[in-house]
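The values are calculated or read from the model by the stated rules, or taken from the named source; none is laboratory data. Everything numeric in this text was worked out from a predicted model, so none of it was measured. Every residue, glycine as well, gets a Cβ built from its backbone with ideal geometry; the counts of neighbours run over all protein chains shown. Accessible surface is based on the protein model in full, side chains and every heavy atom, while ligands, DNA and RNA are left aside. Shrake-Rupley method; radii C 1.70, N 1.55, O 1.52, S 1.80 Å.
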Amino acid sequence: MPVNRYLTSMYTTELSKQPNVQPIGPAEDPERLAAFEARVAADEFIEPKDWMPEAYRRTLTRQISQHAHSEIVGMLPEGNWITRAPSLRRKAILLAKVQDEAGHGLYLYCAAETLGTSREEMIEALHSGKAKYSTIFNYPTLTWADIPAIGWLVDGAAIMNQVPLQRTSYGPYARAMVRVCKEESFHQRQGYEAMTSLANGTPEQKQMAQDAFNRWWWPSLMMFGPPDENSPNTAQSLRWRIKRETNDELRQKFVDITVPQAEFLGLTVPDPDLQWNEAKGGYDFGEIDWDEFYAVVRGEGPVARERITARREAWESNAWVREAAAAHEAKRRAKVAA
Amino acid sequence: MSDWPLWEVFVRSKGGLAHRHFGSVHAPDAEIALRHARDTYTRRMEGVSLWVVRSSDIVASDPDDAGQLFEPAADKVYRHPTFYEIPDEVKHI
């Protein structure tokens, strides 16, 4: 099996400043490469033991592990509010949602491991800051209204990204996505429901809802990654059916379905340039602040340091649980051997 | 500490159906593998029974052998009932 390198310059939604076409390299056997390309073009799924080009393995390892990291780090902004949820009902829901995020991370780590990178290497890359995760989780959750906003917008954007990935060409990733999408729908709906409560509540509550919406709208649009003209790996990923739609196509879809949902709540989209475009059958919207996006990608998000510190602390302070389980197994094995 | 061994998880979604592969978990032993499998793969009544098997104990065919293993069946259509022509007026066959 070819050796895997863990490349870290990219982002779940394919952020890279690398040259356009990934070097497939003369090292790849042209006959096998042609057979592989034909299989992918015929919408067949590639499975772990199948031959695949090194660049395909690398791209997928990076994308799936970063997706996994995003699920894991994604627990932090919401976990922040579990103890302060406004009712037992909301608390039970939030607990279940955060537990789901952990589960999604685990499905994805498993899928990434089938490509030959160990779990340990991936966790280490996250904790050392080498690996990236979605920029959205480096924004703080300031009020309770951020929890509904995240469910509705962030999980909504995630669904938009993940639905096409159910048909991604790598079998284990596609199967993980099927499970994730099934569960993600609950996440978005509970968010929208909680947002409805706030929007229909007191003027203060409605103001909270609008404030959270204002802060999460643009970062949610950034979740789809850089515009297509600056997303150099999109072409290769589309060709290999790792990706099924471009960043801008998905972003447009998200805007088109989310704006009417905001209107229903009586919330104002924080974009003066937002306008229905009859000719294209979709909304035109304002320029995204890409400088902010790239700054967050570089690790300058408002709570980037806090997130990774929290991850590391959780990992280190729970080391005794892992050690105890390993010691228990060693003792049991020794007993059997005796 | 390096990773715990990997276990493949199989779930019987309801009585009468076969266990189906769902994914995998890391665990130091079978008991913890079962617990992790339960937490990871059956949070929404997905199953009534779980199997966990050490991944290293599974022997799989090589994808490169797929041709010689499975292609011989392709030219034996006479193994399928639809290969045989039965006149329309003959019933229940």
**OP:** Pairs only if they're at least six apart or on different chains, beta carbon under 7 angstrom, first in the range A:41-62 and more than 12 Å from chain B (Cβ to nearest Cβ), second assigned to a helix (DSSP H, G or I) and surrounded by 20 or more Cβ atoms within 10 Å (Cβ to Cβ); list them, first residue then second.
**Re:** A:53/A:36; A:59/A:237; A:60/A:173; A:61/A:112
Original post:
For the range A:207-220, does any single residue satisfy the condition of being among the small types (Gly, Ala, Ser), in a helix (DSSP H, G or I), in contact (Cβ under 8 Å) with a residue 24 or more places away in the chain and more than 11 Å from residue A:157 (Cα to Cα)?
Top reply: yes
Original post:
Based on what the data block shows, is residue A:246 among the hydroxyl-bearing types (Ser, Thr, Tyr), more than 30 Å from residue A:123 (Cβ to Cβ) and open to solvent by 50 Å² or more (accessible area, probe 1.4 Å)?
Top reply: no
Original post:
Does residue A:332 satisfy being out of contact with any Pro (no Cβ under 7 Å at 6 or more places or on another chain) and open to solvent by less than 90 Å² (accessible area, probe 1.4 Å)?
Top reply: no
**OP:** Keeping to the range A:291-300, report how many residues are touching a residue at least 60 places away in the same chain (Cβ under 8 Å) and either among the small types (Gly, Ala, Ser) or within 14 Å of chain B (Cβ to nearest Cβ) (or both).
**Re:** 1
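Per-residue answers, yes or no, for (1) aliphatic (A, V, I, L, M); (2) free of Cβ contacts under 8 Å to residues at least 60 places away in the same chain; (3) part of a strand (DSSP E or B):
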| residue | (1), (2), (3) |
| --- | --- |
| A:273 | no, yes, no |
| A:302 | no, no, no |
| A:313 | no, yes, no |
| A:326 | yes, yes, no |
Original post:
Restricting attention to the range A:164-193, and to residues there that are assigned to a helix (DSSP H, G or I) and of a type in the set (D, E, K, R), which single residue is most open to solvent (accessible area, probe 1.4 Å)?
Top reply: A:189
Original post:
Any idea which of (1) touching a Leu at 6+ places or on another chain (Cβ under 9 Å); (2) within 12 Å of chain B (Cβ to nearest Cβ) is the one residue A:145 doesn't satisfy?
Top reply: (2)
**OP:** Would you please name the residue that is most open to solvent (accessible area, probe 1.4 Å), looking only at residues in the range A:315-324 that are assigned to a helix (DSSP H, G or I) and either at positive phi or within 14 Å of another protein chain (Cβ to nearest Cβ) (or both)?
**Re:** A:320
